[in-house]
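Colleague: Got a structure for you, written out below as structure tokens; questions coming shortly.
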Amino acid sequence: MLLTPPAPSILLSPVMAGLSLSLALAGPAQAQSWPEKTITIVVPTAAGGANDAMARIIGQGLSTRLGKPVIVENKAGANGAIASEYAARATPDGYTLMFGYIATHGINPALQKLKYDPVTDFEAIGMVAASPIVLVANNAVPVTNAKGLVDLIKAKPNSFSYATAGNGTAPHIAGELFNLSIGVPVVNVPYKGAAPGIVDTIGGTTQYMFPSLFTAYPQVKGGKLRALGVAGDKRSKTMPELPTLAEQGIANVNISQWYAMFAPAKTPKAVIDRLNKEMNAVLNDKAVEAKIEAQGAEVETGTPEQLKAFVQKEVGHWKNVVSAAKIKIE
């Protein structure tokens, strides 16, 4: 008579049970003790631009709330792709964060073959702010609005060039959409970040630029640049007197810089939730909000889930825009 062999026991030995419990508790325990050391925010642009300035404002606030140093590390290049790949490959322990923006987590997938995925290689933490793109010109250009600039460009098309924060950045995309709208292929002069582009536009090396208002406002307010129009569907709260390009008859140049915080994929959810809570608290501080809004940006907060859905939508949107406009980067 054959006997059916007994079913394998599903009971674990005391040693194995203890090991399994330790592994199960490792993630939550790590998250509960976080942070224990310095946190680094990777910024994908050069120092001095809007991304850098905003990341430092947030970093200072997080440092105060978390009780640990928060430093900024600038890794400019490849329209933010270098910094994004670096951050995506970092240890997912909450000590390396990524200050992403419209280029790194929106436009890049439409323009270049990436070694990172803006959705699957990152955990979304939360939105930070948004700032409209504005058309600004060197004071020597004899116009006071965007329509006047268009008339000058059409009269002397070879006399103009525009600065950008690099190929594929929002200022570049805005410039290309502007070219398509007015029917003149003005030359793009790419810089390694918005700040050096602003400097050369003020100096007259280039005649105009499409930076974020956050980057441009101090120079406009100080009289070093002239604002000609907003490249968006509505006027800015900071400069309500400045009309949009659409109001001036220049269609289909609608783009706004947005900024958000991310962490490498598989960063513990408890850490992500804590970061979201503390970052929102920083952004909701009236002093911080006033500091950001005074520079031409509007604070935007939300949940990790909302940011993830937003990034997915942005990636699809810019693929459609770039394809329809036939925009390419060298």
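Colleague: Consider region 294-313. How many of its residues are out of contact with any strand residue (DSSP E or B) (no Cβ under 7 Å at 6 or more places or on another chain) and modelled with pLDDT under 95?
Modeller: Residues flagged as out of contact with any strand residue (DSSP E or B) (no Cβ under 7 Å at 6 or more places or on another chain) and modelled with pLDDT under 95 within region 294-313 amount to 2.
Colleague: Among the candidates Val184, Val189, which residue alone is assigned to a strand (DSSP E or B) and either over 17 Å from Ile107 (Cα atoms) or assigned by TED's automatic domain parsing to the domain that holds Pro304 (or both)?
Modeller: After ruling out the rest, the residue left standing is Val189.
Colleague: Test each condition in (1) in a helix (DSSP H, G or I); (2) crowded, with 20+ Cβ neighbours inside 10 Å; (3) under 15 Å from the mean Cα position of the chain (by Cα) for Val315 and report the one that comes out false.
Modeller: Result: Val315 fails condition (2) only.
Colleague: Go through region 138-177 residue by residue and tally those that are β-branched (Val, Ile, Thr) and part of a helix (DSSP H, G or I). Steps first, answer last, please.
Modeller: Applying the first criterion (β-branched (Val, Ile, Thr)) to region 138-177 yields 141, 143-144, 150, 153, 164, 169, 173.
Then drop every residue that is not part of a helix (DSSP H, G or I), which leaves 150, 153, 173.
Going through region 138-177 one residue at a time, the tally reaches 3.
Colleague: Output yes when any residue across region 270-279 is in contact (Cβ under 8 Å) with a residue 40 or more places away in the chain, assigned to a loop (DSSP other than H, G, I, E, B) and in the same structural domain as Gly49 (by TED's automatic domain parsing), and no when none is.
Modeller: no
Colleague: Condition first: in a helix (DSSP H, G or I), farther than 19 Å from Pro132 by Cα and either in contact (Cβ under 8 Å) with a residue 40 or more places away in the chain or acidic (Asp, Glu) (or both). Now tell me which residues in region 289-312 satisfy that.
Modeller: Matches in region 289-312: Pro304, Glu305, Gln306, Lys308, Gln312.
Colleague: Now a separate question. Keeping to region 48-66, report how many residues are among the hydrophobic types (A, V, I, L, M, F, W, C) and over 15 Å from Tyr101 (Cβ atoms).
Modeller: Residues flagged as among the hydrophobic types (A, V, I, L, M, F, W, C) and over 15 Å from Tyr101 (Cβ atoms) within region 48-66 amount to 2.
Colleague: List the pairs whose first member sits in region 138-166 and is in the same structural domain as Asn179 (by TED's automatic domain parsing) and within 12 Å of Tyr208 (Cα to Cα), whose second member is of a type in the set (Gly, Ala, Ser) and assigned to a helix (DSSP H, G or I), and whose Cβ atoms are under 7 Å apart, counting only residues at least 6 apart or on separate chains?
Modeller: So the pair list comes out as Tyr162/Gly175; Ala163/Gly197; Thr164/Gly175; Thr164/Gly197.
Colleague: Pull out all pairs, ordered by first then second residue, where Cβ-Cβ is under 6 Å, the residues are six or more apart or on different chains, the first lies in region 72-99 and is farther than 15 Å from Asp117 by Cα, and the second is hydroxyl-bearing (Ser, Thr, Tyr) and part of a loop (DSSP other than H, G, I, E, B).
Modeller: Short answer, once both residue conditions are applied: Ala76/Thr45; Pro92/Thr267; Gly94/Thr267.
Colleague: Looking at region 226-238, can you tell me whether even one residue there is under 18 Å from the mean Cα position of the chain (by Cα), part of a loop (DSSP other than H, G, I, E, B) and at pLDDT below 90?
Modeller: Taking every residue of region 226-238 in turn, at least one turns out to be under 18 Å from the mean Cα position of the chain (by Cα), part of a loop (DSSP other than H, G, I, E, B) and at pLDDT below 90.
Colleague: So in region 229-254, with the set limited to residues that are among the β-branched types (Val, Ile, Thr) and surrounded by 23 or more Cβ atoms within 10 Å (Cβ to Cβ), which one is nearest to Met279 (Cα to Cα)?
Modeller: For region 229-254, the residue satisfying everything is Val230.
Colleague: Could you please let me know if Gly61 is over 30 Å from Asp200 (Cα atoms), in contact with a strand residue (DSSP E or B) (Cβ under 9 Å, 6 or more places away or on another chain) and at pLDDT 95 or above?
Modeller: Here the answer is yes, as Gly61 does meet what is asked.
Colleague: Turning to a different aspect of this structure: Could you list, in sequence order, all residues of region 157-181 that are over 20 Å from the mean Cα position of the chain (by Cα) and either surrounded by fewer than 19 Cβ atoms within 10 Å (Cβ to Cβ) or small (Gly, Ala, Ser) (or both)?
Modeller: Selection gives Pro157, Asn158, Ser159, Phe160, Ser161, Leu180, Ser181.
Colleague: Let me ask another. Answer yes if at least one residue in region 211-228 is farther than 24 Å from Ala76 by Cβ, surrounded by 22 or more Cβ atoms within 10 Å (Cβ to Cβ) and touching a strand residue (DSSP E or B) at 6+ places or on another chain (Cβ under 8 Å), and no otherwise.
Modeller: Yes, the conditions are met somewhere in region 211-228.
Listed here are the residues, each with its yes/no results for (1) more than 14 Å from Met54 (Cα to Cα); (2) of a type in the set (Lys, Arg); (3) surrounded by 18 or more Cβ atoms within 10 Å (Cβ to Cβ).
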{"position": "Pro264", "(1), (2), (3)": "yes, no, yes"}
{"position": "Ala270", "(1), (2), (3)": "yes, no, no"}
{"position": "Asn276", "(1), (2), (3)": "yes, no, yes"}
{"position": "Gln295", "(1), (2), (3)": "no, no, yes"}
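The values are calculated or read from the model by the stated rules, or taken from the named source; none is laboratory data. Since the model is a prediction, treat every value here as computed from it, not as a measurement. Virtual Cβ from ideal backbone geometry, glycine too; neighbours counted across all protein chains shown.
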